[in-house]
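Visitor: There's a structure below that I have some questions on.
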Amino acid sequence: MSSIAATDERTSASPKVLQPAWVRTMHWINAVAMILMIMSGLQVYNASPLFDSLRFSHSITLGGWLGGALLWHFAAMWLLMVNGLAYLIVGFATGRFKRKLLPITPGGVISDARAALTGRLSHEDLSRYNQVQKLLYAGIIAVGVIIVLSGLSIWKPVQLQWLTALFGGYDVARYVHFFCMSAIVAFLVIHIALAVLVPKSLRAMIIGR
Amino acid sequence: MVMGRIRKFLIPGVDKRLLVKDATKIMPDPVRRRFIAGGASLGALTLLTGCDVFDGTSAENMLTEISKFNDAVQAWMFNPEVLAPTYPESAITKPFPFNGYYEIDDAPEVDGRDWKFEVKGLVENKKSWTLEELYKLPQVKQVTRHICVEGWSAIGSWTGTPLRDFLKLVGADTRSKYCWFQCADKEGYNSPLDMRTALHPQTQMTFKFGDEILPRAYGYPMKIRVPTKLGFKSPKYVISMEVTNDYKGGYWEDQGYNSFSGS
């Protein structure tokens, strides 16, 4: 009896690390940078809205006015870019992206999505992402790359005019930037809701286990 | 708490820009200038609204320092050989938008016969120029995109003398750091232009919009058109230029817009 209890204790005290320290650090730096970028970006949007009937309340914007918002936006962009770039480099170099996010198959995504919606998706092994997670995580990384590139093309439409042209010109790049932000916010809603529903996944992103 | 600090910095319900504007209106001009130049505007506001002054000003200072760093990064990114894209005349935005911190009816009304363009600072020939004299200089036309700091953009046609030709003509010391422009409007709009941008081939002393004499709305009698920067760096109703090594600030720059603001 006592030996079994001791074994149990040992396994629950030192299970394998689900999220390595570099992932956790970069995840939370990214969370702060994203929130600063989104809130200040909404204030910048208000100065010249893309959609006539869409304005954002002061309660969810940052900077107070256009000038303040731009200061925040062009400060937080460094945090977002440097952290994001480091994440991509380490993610590819360590093989983590390949190991955790691939393969993604349409059939797998459909069956896992169906299982999730009917409450039959297992959350026992958090070290392996299901197909829906793989798709969303790979997708949000791609959106992150596009939002940074479209942002650069809006910031530097003369010096980086080849990049602006790639997005279809300055005015189109603004829409691309906005829709990427919208996709990130939609992702955040699902991401946070699921983290709350499966608290041990949130714990893993904080303490690693 | 990070969020607590951010919320204090936001000052919900108070539009800082309007408050600064109201506050500065009741001050005599020299005081107003110092008030804005000292960066006191936002710091003073945190005081006025009873927020934690330390948090407010330290956030301000951090953002100001990063903005200066961004000036340096943009100066490094700026390639004097790269031209702003040009467009066919058919792409010109009609009507081209009017924009300013004042309504169009309050825009300066300059009498071109009395107007003189003063040239000051590190130049050999400090003579003032009449409009008639300036009109005699060789002019070129450009159809380029005006990009506003607010985000919108519009394509316009501007005709005038390349600023670099004029700087050569008056014997400006082009090793200086800035051309500092002052304008005729009552609040004294001004803006510094870094010398490398001033020497960019497309930077222009503009006298015509759409082949017509520059209308009042777009800066009669002269604007400085800088297609490699955001719109607020292209001053209208220009009355003087000072070639200088000192950073003298600008109307919007002092309120927090990034000073380089390159496109």
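Visitor: Classify the range B:113-201 from the C-alpha gyration tensor, please: rounded if a/c falls under 1.5, else prolate or oblate depending on whether a/b exceeds b/c.
Guide: Verdict is rounded for the range B:113-201.
Visitor: Here is a further query. To the nearest 500 deg cm²/dmol, what mean residue ellipticity at 222 nm is calculated for the protein assembly as shown from DSSP H runs of n ≥ 4 alone, each contributing -39,500 (n - 2.57), summed and divided by the residues? Spell out each step's value before the answer.
Guide: Working: 17 runs with 231 residues, N = 472.
Helix contribution divided over all residues of the protein assembly as shown: -15500 deg cm²/dmol.
Visitor: Exposure proxy check: B:175, B:164, B:145 ranked by fewest other beta carbons within 10 Å?
Guide: Lowest to highest Cβ neighbour count: B:175, B:164, B:145.
Visitor: From the backbone phi of the range B:242-255, what are the Karplus-calculated ³J(HN,Hα) couplings (6.51 cos²θ - 1.76 cosθ + 1.60, θ = phi - 60°) in whole Hz, Gly and Pro given as x?
Guide: Working through the residues one at a time gives 10, 8, 8, 9, 8, 7, 9, x, x, 3, 8, 4, 5, 8 Hz.
Visitor: Related question: Would you be so kind as to identify all helices of chain A, as entire DSSP H runs, whose Cα atoms reach 15 Å or more along the helix's own axis and whose mean Kyte-Doolittle hydropathy is at least -1.0?
Guide: Taking the DSSP H segments of chain A (at least 15 Å long, mean hydropathy at least -1.0), we get A:2-13, A:21-47, A:66-93, A:106-117, A:131-155, A:170-197.
Visitor: With a ≥ b ≥ c the root eigenvalues of the C-alpha gyration tensor of the range B:89-255, is it rounded (a/c under 1.5), prolate (a/b larger than b/c) or oblate?
Guide: Numbers: a/c = 1.36, a/b = 1.28, b/c = 1.06.
Rounded is the answer for the range B:89-255, as its axis ratio a/c remains below 1.5.
Visitor: Compute from the Cα atoms of the protein assembly as shown the Rg and the Dmax, the latter being the longest Cα-Cα distance, and quote both in angstrom.
Guide: In order Rg, Dmax, the Cα atoms of the protein assembly as shown give 27.1, 105 Å.
Visitor: Could you list log10 I(q)/I(0) for the range A:2-207 at q = 0.13 Å⁻¹, which the Debye formula gives when each Cα is one point scatterer?
Guide: Rounded to two decimals, the profile gives -0.86.
Visitor: Where a ≥ b ≥ c are the square roots of the eigenvalues of the C-alpha gyration tensor, would you call the range B:220-263 rounded, which needs a/c under 1.5, or, failing that, prolate if a/b is larger than b/c, or oblate?
Guide: oblate
Visitor: While we're here: Could you pull out every one of the lysines with an alpha carbon less than 27 Å from that of residue A:134, ignoring same-chain neighbours closer than 8 positions?
Guide: Answer for residue A:134, where 27 Å is the Cα cut-off: A:16, A:98, A:100, A:200, listed by chain and number.
Visitor: For residue B:229, what residues show an amide H to amide H distance below 5 Å, using hydrogens built from the backbone and excluding near sequence neighbours?
Guide: B:263
The numbers here are math on the coordinates, done by the rules we state, and not lab data. Keep in mind it's a predicted model, so treat the numbers as computed, not measured. Note: ideal-geometry Cβ built from the backbone for every residue, glycine included; neighbour counts use all protein chains shown.
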